[in-house]
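See below for the structure under consideration.
The values are calculated or read from the model by the stated rules, or taken from the named source; none is laboratory data. Keep in mind the model is a prediction, meaning the values are calculated, not measured. Don't worry about glycine lacking a Cβ; one is built from the backbone with ideal geometry, like all the others, and counts go over all protein chains shown. We work out accessible area using only protein heavy atoms, side chains counted, and drop any ligands, DNA or RNA first. Shrake-Rupley method; radii C 1.70, N 1.55, O 1.52, S 1.80 Å.
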Amino acid sequence: MAWALKLPLADEVIESGLVQDFDASLSGIGQELGAGAYSMSDVLALPIFKQEESSLPPENENKILPFQYVLCAATSPAVKLHDETLTYLNQGQSYEIRMLDNRKIGELPEINGKLVKSIFRVVFHDRRLQYTEHQQLEGWRWNRPGDRILDIDIPMSVGIIDPRANPTQLNTVEFLWDPSKRTSVFIQVHCISTEFTMRKHGGEKGVPFRVQIDTFKENENGEYTEHLHSASCQIKVFKPKGADRKQKTDREKMEKRTPHEKEKYQPSYETTILTECSPWPEITYVNNTPSPGFNSSHSSFSIGEGNGSPNHQPEPPPPIADVSHTSELMLVNLLPTSTPQEAQQWLHRNRFSTFSRLFRNFSGADLLKLTREDVIQICGPADGIRLFNALKGRMVRPRLTIYVCQESQQLRDLQQKHEDGDTVTSTFFVYHAIYLEELTAVELTEKLAQLFSISSQQISQIYKQGPTGIHVLISDEMIQNFQDESCFVLDTMKAETNDSYHIILK
């Protein structure tokens with residue numbers, strides 16, 4: 001009986017212990033889920049959620065993010081959670097960037113039905129290289145004459161209007177587009193990341209670049225200077241198919257890591273979302289200055305030279321190192337003795353940069369041996385005829401040529417003898433040729449001023465001696481009616497009011 005009475009006491013002790021253990025476990029859960037140890041904002045700040053940033057409510061409701069740019073290339077899986085995404089691209093391969101309109105209803109109504117301008121740049125990611133960016137790109141330009149760092153693949157692009165390349169920047173392109181319509185631009189990056197590393201032992205790690213897009217709307221003057229949105233992403237560029245091999249290597253390395261280590265890295269996404277950034281500081285470039293468009297027979301821009309440094313203003317290309325008479329002559333006429341490098345410089349100076357890669361192994365003699373049919377077949381009719389004429393040094397015939405001789409006392413005596421009927425002995429007189437293109441009195445004044453080595457302001461009026469010795473004021477219409485290769489004797493008269501002169505054509 002005593003044994004039976006002890007059973008309830010044992011049950012009560014067991015039950016009490018279970019309750020305490022359960023309370024303790026609940027207490028532990030509460031501590032783990034406390035506000036001090038768990039923050040949803042910290043989780044949302046992770047890069048994996050930043051990839052879907054557009055679907056999340058913005059922290060500042062007043063902040064307008066009107067556009068989103070999506071690069072259709074996979075991100076690397078070997079990037080840690082809190083680091084920026086990294087995307088591998090192949091040199092010269094076309095990659096699509098989708099231009100998406102993310103505006104809510106009623107946002108930015110002033111651009112409804114209007115075009116906006118987007119400027120694409122490929123710049124250095126490392127600040128150390130940004131300070132020497134101009135020198136880096138200048139070196140690249142001379143090692144790769146005729147090439148651009150950034151191009152647009154026009155045939156594959158959709159919805160872009162008036163694509164242009166600034167002639168002073170190899171790494172910049174721009175175009176207009178309508179946010180209400182589907183727009184996709186295909187870009188090509190022609191430089192690789194290892195071209196800007198110090199080559200010492202081989203196998204160097206390439207430097208990262210940034211693709212940045214700045215979008216602007218029109219101001220009251222019709223200029224695209226009002227900033228709307230900027231975004232960028234980090235990339236590395238490899239030789240053809242190198243990006244695919246690098247992506248595969250990173251994936252295989254991640255597969256060998258433990259599950260705990262994998263949690264520290266981002267997954268690979270099929271596309272790259274360009275994240276919002278500050279606008280590119282070089283605002284001086286954003287203007288309406290005309291720049292060369294695309295050549296319809298070639299996938300790249302016509303010509304251009306690069307810069308890209310935030311604080312750098314565009315500079316003209318450096319002169320040819322050899323400033324001898326031979327080099328100066330080569331700028332006009334290509335010489336048979338010109339080396340392939342000098343032939344490349346001649347092509348650039350004469351606006352044939354588009355074909356410099358095609359003729360990179362041609363010497364001056366090789367180019368000069370090409371027939372008219374050869375050049376037209378290689379370059380097309382328009383550029384081929386222009387290149388052939390430049391190779392042969394053909395000058396354009398002037399619209400009007402006149403010959404002038406300054407009147408002297410000897411010439412006056414000769415004319416007087418001729419009028420008196422006396423015998424005139426043969427005398428040698430020197431005439432100067434004057435070539436006119438515009439056929440205007442202003443142009444004739446400037447050419448005569450050069451002949452007399454005076455300024456054009458010192459010539460007050462120009463007259464032509466007419467019938468009975470009258471002086472007829474020269475006008476544009478009179479010059480346009482001059483016969484080609486007419487001969488004139490120039491007589492000068494001092495003006496009465498100032499130190500200028502009157503010139504009479506006899």
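Here are the numbers:
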{"read-out": "Summed side-chain charge close to Lys248 - residues other than Lys248 whose Cβ falls under 14 Å, Lys, Arg +1, Asp, Glu -1", "value": "+2"}
{"read-out": "Calculated FRET efficiency for the pair Arg349/Tyr403, C-beta based, R₀ 25 Å, to 0.05", "value": "0.15"}
{"read-out": "Order of exposure, largest accessible area first, which applies to His125, His471 with probe 1.4 Å", "value": "His471, His125"}
{"read-out": "Mean separation of Cα contacts under 8 Å (6+ apart) over length of the range 340-392, as relative contact order %", "value": "30"}
{"read-out": "Rough spin-label spacing in nm, given labels placed 7 Å along Cα→Cβ, for Val472 and Glu270", "value": "8.1"}
{"read-out": "Point-to-point label distance, Glu110-Thr492, nm (Cα→Cβ direction, 7 Å offset)", "value": "6.0"}
{"read-out": "Nearest-20 debye value, the range 340-392 charge dipole, Cβ charges on Lys, Arg, Asp, Glu", "value": "140"}
{"read-out": "Mean separation of Cα contacts under 8 Å (6+ apart) over length of the range 67-276, as relative contact order %", "value": "35"}
{"read-out": "Sequence of Phe175, Phe186 from largest to smallest accessible area, 1.4 Å probe", "value": "Phe186, Phe175"}
{"read-out": "Extension gain from Gln457 to Glu438, taking 0.36 nm per residue of separation minus the Cα-Cα distance", "value": "4.9 nm"}
{"read-out": "Gyration tensor (alpha-carbon) shape descriptor, the range 67-276, a/c threshold 1.5", "value": "oblate"}
{"read-out": "Relative packing of peptides 334-343, 66-75, 371-380 - highest average C-beta neighbours within 10 Å first", "value": "66-75, 334-343, 371-380"}
{"read-out": "Stretch gain in nm, segment Ser500-His260, where the contour uses 0.36 nm per residue and the Cα spacing is subtracted", "value": "77.2 nm"}
{"read-out": "Protection-proxy order for peptides 492-499, 224-231, each taking the mean of Cβ atoms within 10 Å per residue, highest first", "value": "224-231, 492-499"}
{"read-out": "Gyration tensor (alpha-carbon) shape descriptor, the range 340-392, a/c threshold 1.5", "value": "prolate"}
{"read-out": "For peptides 156-165, 107-116, sequence by mean Cβ density within 10 Å, most packed first", "value": "156-165, 107-116"}
